[in-house]
Amino acid sequence: MTTETETEKQTTIAVLVDNEPGVLARVIGLFSGRGYNIESLTVAEVNTQESLSRITIVTSGTPMVIEQIKAQLERLVPVHKVCDLTMDGAHVDRELALVKVKSTGEARVESLRVAEIFRARVVDSTSESFVFEIVGNTGKLHAFIDLMEPLGLVDVSRTGVAAIARGSRPL
Amino acid sequence: MADDQMNGSQILLKALEEQGVDVIFGYPGGAVLPIYDEIFKQDAIRHILVRHEQGAMHAAEGYARSTGKVGVVLVTSGPGATNTVTGLTDALMDSIPVVCLTGQVPTHLIGNDAFQEADITGITRSCTKHNYLVKDVNKLARTVHEAFYVARSGRPGPVLVDLPKDVMTAMGDYTPVSRVTHRTYKPRMKGDINLIRRAVDIMAAAKRPILYCGGGIINSGPAASQLLTEFVRLTGFPCTLTVMGLGAFPASDPLYLGMLGMHGTYEANLAMHGCDVMVAIGARFDDRITGRLADFSPNSKKIHIDIDPSSINKNVPVDVGIVGDVGHVLEDMIKVWKAEQASPDRKALAEWWKSIDRWRARDCLRYENSTKVIKPQYALQRLYELTKDRDDVYITTEVGQHQMWAAQHYRFEKPNHWMTSGGLGTMGYGLPAAMGVQVAHPKALVIDIAGEASVIMNIQEMSTIAQYRLPVKVFILNNEYMGMVRQWQELLYGGRYAETYMHSLPDFVKLAEAFQAVGLRATKPGEVDDVIREMIETDRAVIADIRVDKLENCFPMIPSGAAHNEMLLGPGDEAEAPVSEEGMVLV
Ligand SMILES: Cc1cc2nc3c(=O)[nH]c(=O)nc-3n(C[C@H](O)[C@H](O)[C@H](O)COP(=O)(O)OP(=O)(O)OC[C@H]3O[C@@H](n4cnc5c(N)ncnc54)[C@H](O)[C@@H]3O)c2cc1C
Ligand SMILES: Cc1ncc(C[n+]2csc(CCOP(=O)(O)OP(=O)(O)O)c2C)c(N)n1
Ligand SMILES: [Mg+2]
C-alpha cells in the first residue's frame, strides 16, 4: 500500500463534545500540536439539556492524515462523536459574512447591484457605507468579497462553516 | 447540610481508598496542606515523601508498570505541579497509568497570578491523557473516580486532577464509585471477528511471517503475555519484541528473535525487512523501529492489533487493522486459528527459519571482550548470569547506551519486570522508578542499570531511598561520557565530542555513603563478579560504580534515516556508515 503520492483534499468534520471548560482548547491544541491545518472552525452549544456542543472543522490532508485526525479527535475524552461529513455523503455547509463597504457615487450603486445578485442583505447603512449580510457556502462568500474589493471593501467578519448531513439521519 | 458530609480532603482520601490506592508518592506545600492534614490522621494509605516532584512521577510509573495498578502522585500548586511535567509526558509516551493530584490556589484567586499559581491544566493539556480542574466539592469524588477510570482504561496514560485549596476544605457529599459511569469514554475491547478471520487467513497463507510485539501486551496484563506465548507456539512463527515489549514473550524460547529496531538484533531486523506477512501486536511503528519509512518491510502484508485507533495507519499503512485489547483479540485469534485448522506452508516456513538461523549465526551481539578493561556488555552479562535464577528481579534503566545494552543482554522471561523510558527517553527515570518498584515489591531485587550522567539527574532520590530503607541497587556503567550522544558524535560528527565528557563526576562510593547506602566499585574485569555478588547480598541500598570502557559503542545500530538492511554490525562497519542528509536531521 502506498499513500505518499495521494493528494490532499478538503474535508469537513463534525464533532459532538461535552460542553466542559477547555474542550475547545483540547481540539485546537490537537491540531496545532500535531501540525494539522484548520481552514475553519466553529463551535456552539447545540443541546443545553445534555450540555453538548458541536464543533465543525474544515481541514485538509491526505486520506491517511484525515483518518489520523478523526482517530485523534475520537481519542479525546470529552468527545462523543466524530463524523466525516465529506466522506459520509451529501451535506450542506453554510457560512455567514458581514461585509462593510465604504463608497459613494457609481461604486456605491454597483455594490448594491452585486449584493442583489448574491442575495446579500443590507443590515446597516450610512451615507457613505453599507454593511451586507451574506449567507452561503465558502465559495460564494469568497466570490462576493472579491467583487466588493474594488467597490470600497473595508472590513469583513465571517462566522466560519456550519455543516450538516442531508437526509433525515441525525449525527 | 446532611450529617454524612465531609470536607474535600476527606472525600479525596475516601475516593483514593475506594480505588484501592495503598501508596502515594508526594511532596507537600501550601496549597495541599488540608490534604496532608487528612493524610496525617489516617493510616490506610502510605505516603512516600520524595525529594523532587519529578521523582514522584517516575516512582509512580515504576510502581504502576511493575504491578499493573494505577500509580498516584500528590504535589502542591505552582512549582510542585510544573515539576511533574516531564514525568507526565513520559507516562503519556509509554502508556503508563498514573493519576497526578495537584494543589491549586483557591478558586477565587485563579487567574490572578496568585502566589504559586500555575495554569497546570493548561500546561499539561497536551501531556496528559486527560485533565480536570475541580471547582465544586460535590463533583470531587466523581472526578477522582473518573480520573482513575480514564487512566487505566483503553490505552492507559497519565491523568491530572487540579484541586483548589478551598474545594479541599469545603463540605460536600461523597459519590461512591458504583454510581459513576463515564458518558463518553468507552474503549473497545473485543476485536471485529470478521477482521480477525481475515487476519488468520492471511497468516495461514504466509511463507515468511513475523510477529512484531510491543508494550501494549504488557499494558493488557499478564494474561495477554500468556496468550501471546500460546499463539506464537501454536503458529511456529518467529517473534520479536520492542524495547517496551520486553518480557511479553520469554526470551529463552527458540522462536524469539530478540529485540528489533535501531539497536535490535540482525535477525529480527532482517526478518522484519524480508517478511511477507507482519503482525504488529500492541506496538506502534515507532521511528526507532521503522527506520526509513519508504524502505520499511517493503513486500509484506501488514496486520495491526491495537486498542487505540489512532495508532493504526499512523506511520505505516496496514492491510488489516484490528481495534481491540490484545488479550481479547489474541484469544479470538487462537480460537479461529484452531477452528479453521489453519495450516501454514510448513516447507516455506522451514526455509524461512533457515534464513533466520543464517542471520542468527552472525551473532550480532558479540563484542570483543578484554582482560584489561571492563566491557559494559560483559558487566551486564555477568549481572544477568548472577541474577537469572531468581524470579523476583526487577530491572529499571536510565537512558543511553547502558539502556540499550541492558535491553540486549538482560533476558526477560516474564512481563512487568522491565521498566524503561522508551518513548520520551528521560534521563533520570531509572532511579526513582526503581524506588517505586521497590515500594511495591519490598522483598524483590530491584536494580537500576544506570549511566553516570543520567543517574545524577535524579540522584536526590537516594535520600528517599534512605528514609524508607529501600534496598534499591544502582548499577552504574560509568564510562565518564554521555555515551549515546558521544557515539553519534563519533559516527556522524567526525569525533568532535562537544560537551559530552562528564567532567568532575562525584566519587560514587562516597556519594553512596553520604546517602547511607553502600558504595562499591569495580575497575577490572576480575572484580565484576565479586561486586555484583556483594551488591546482591547487601540488604541495603547499594551504588555499584562499574568503570567500563569509555569509548565502547552500542551495536548493532541502524543509523537514523537508514533501512533495516543497512545495519551497522560493529566497529568494522563504521567506515562506510551510510548516513544520508535526510538522516542527519533525524534524532
Ligand atoms: C536511546 C533509545 C533507543 C531506542 N532504541 C530502540 C530500539 O532499538 N528498538 C525499540 O524497539 N525501541 C527503541 N527505543 C524505544 C522507542 O523509542 C519506543 O519507545 C518503542 O519502540 C515503542 O514500543 P512499542 O511500539 O511497543 O509501543 P508502546 O509505546 O509500548 O505503545 C504501546 C502500543 O500498544 C497499544 N496498546 C496499549 N494497551 C493495549 C491493549 N490493552 N491492547 C492493545 N493495544 C494496546 C497502544 O495504543 C500503543 O500503540 C529506544 C528508546 C531510546 C530512549
Ligand atoms: C533529560 C534528558 N536530557 C538529554 C537527553 C539526551 N541524551 C540521551 S542519552 C544521553 C547520554 C546519557 O549518558 P549516560 O547516562 O552516562 O549513559 P551512557 O550513554 O553513557 O550509557 C543524553 C544526554 C535525554 N535523553 N534526556
Ligand atoms: Mg555514561
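Which value in Å is the Kirkwood Rh of segment B:222-321 over different Cα pairs? Before the final figure, lay out each step's value.
On the way: mean 1/r = 0.0724 Å⁻¹.
The answer is 13.8 Å.
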Review point. So how long is each side of segment B:116-271 along the principal axes, counting just the alpha-carbon atoms, biggest first, in Å?
Key: 65, 36, 24
Revision key, fill the gap. Per residue of B:305-314, other chain Cβ atoms within 10 Å number on average 4
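Which loop GluC sites (Glu not before Pro) in segment A:57-147, with loop taken from DSSP, have no more than 13 other Cβ atoms within 10 angstrom of their Cβ?
Listed in order of number, the matching sites are A:GLU128.
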Check your understanding: Around A:HIS91, which amide H atoms from residues at least 5 apart in sequence, or from another chain, sit under 5 Å from its own amide H, with H modelled in the peptide plane?
Key -> A:ARG166
Check your understanding: What's the percent breakdown of Cα-Cα distances in the protein assembly as shown across 10 Å bins, shortest bin first?
Key -> 3, 13, 20, 22, 19, 12, 6, 3, 1, 0
Practice item. Work out how much length B:ASN112 to B:GLU534 would gain on full extension: take 0.36 nm times their residue separation and subtract the Cα-Cα distance, in nm to one decimal. Key: 146.3 nm
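Show me the trypsin sites (Lys or Arg not before Pro) within segment B:515-558 that DSSP assigns to loop and that have at most 14 other Cβ atoms within 10 Å of their Cβ. Intermediate values should be presented prior to the final figure.
Working: sites: B:ARG521, B:ARG533, B:ARG540, B:ARG547, B:LYS550; in loops: B:ARG540, B:LYS550.
Sites meeting the loop and neighbour criteria: B:LYS550.
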Review point. Given charges of +1 on the Cβ of Lys and Arg and -1 on the Cβ of Asp and Glu, with all other atoms neutral, how large is the dipole of the protein assembly as shown about its Cα centre, in debye to the nearest 20?
Key: 1360 debye
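Kindly provide the trypsin sites (Lys or Arg not before Pro) of segment A:5-80 that DSSP labels as loop, not H, G, I, E or B, and whose Cβ sees at most 16 other Cβ atoms within 10 Å.
Working: sites: A:LYS9, A:ARG26, A:ARG34, A:ARG54, A:LYS70, A:ARG75; in loops: A:ARG34.
Answer in residue order: A:ARG34.
Counting helices only, and only those DSSP H runs with n ≥ 4, report the 222 nm mean residue ellipticity of chain B as the sum of -39,500 (n - 2.57) divided by its residues, in deg cm²/dmol to the nearest 500. Write down the numbers at each step before the final one.
Values: 24 runs with 220 residues, N = 587.
One gets -10500 deg cm²/dmol as the mean residue ellipticity at 222 nm.
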Practice item. Give, in nm to one decimal, the length gained when the segment between B:ARG179 and B:GLU499 is fully stretched (0.36 nm per residue of separation minus the Cα-Cα distance). Key: 109.6 nm
Revision key, fill the gap. In this structure, the FRET efficiency calculated for B:ASP357 and A:GLU8 from their beta-carbon separation, with R0 = 51 Å, to the nearest 0.05, is 0.65
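Which peptide among B:12-25, B:425-438, B:300-313 comes first, and what is the full order, when sorted by highest mean count of other Cβ atoms within 10 Å?
On the way: B:12-25: 20.0, B:425-438: 29.5, B:300-313: 23.4.
The packing order, highest mean first, is B:425-438, B:300-313, B:12-25.
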Check your understanding: Amide H to amide H, which residues 5 or more places from B:ARG208 or on other chains are under 5 Å from it, using H placed in the peptide plane?
Key -> B:ASP276, B:VAL277
Review point. Quick one: if the Förster radius is 25 Å, what FRET efficiency do A:GLU20 and B:VAL587 give, using the C-beta to C-beta distance and rounding to 0.05?
Key: 0.10
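Let me know the mean shielding of A:72-80 by other chains, meaning the per-residue number of their Cβ atoms within 10 Å of its Cβ.
Numbers: counts 4, 1, 4, 10, 4, 14, 4, 2, 3.
Across the residues of A:72-80, the mean count of other-chain Cβ atoms within 10 Å is 5.
Mind checking the full-extension length gain between B:ARG233 and B:ASP37? Use 0.36 nm per residue of separation minus the Cα-Cα distance, one decimal, nm.
On the way: separation 196, 0.36 × 196 = 70.56 nm, distance 5.45 nm.
Result: 65.1 nm gained on full extension.
Any chance you could tell me what percent of the C-alpha pair distances in chain B go past 30 Å?
Values: 92126 of 171991 pairs.
So the pairs more than 30 Å apart make up 54 percent of the total in chain B.
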Revision key, fill the gap. Reduced to Cα centres, the span from segment B:76-143 to segment B:146-216 in Å works out to 21 Å
Point to revise | Average other protein chain Cβ within 10 Å of Cβ, residues B:178-186 | key: 3
Check your understanding: What fraction of the Cα pairs in segment B:502-586, stated in percent, has a spacing above 20 angstrom?
Key -> 56 percent
Practice item. Working from Cα positions, state the angle (0 to 90°, nearest 10) between the long axis of helix A:105-117 and the longest principal axis of chain A. Key: 40 degrees
Point to revise | Inter-label distance for A:GLU106 and A:ASP155, nm, one decimal - labels placed 7 Å from Cα along Cα-to-Cβ | key: 2.8 nm
Exercise for review: Return the sequence-ordered ³J(HN,Hα) values of segment B:326-339 in whole Hz as given by the Karplus equation 6.51 cos²θ - 1.76 cosθ + 1.60 applied to θ = phi - 60°, using x for Gly and Pro.
Suggested key: 4, x, 4, 5, 5, 4, 5, 5, 5, 4, 5, 4, 6, 4
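Bear in mind that the values in this text are calculations on the coordinates, not laboratory data. Here the structure is a predicted model, which means the values were calculated and not measured. Virtual Cβ from ideal backbone geometry, glycine too; neighbours counted across all protein chains shown.
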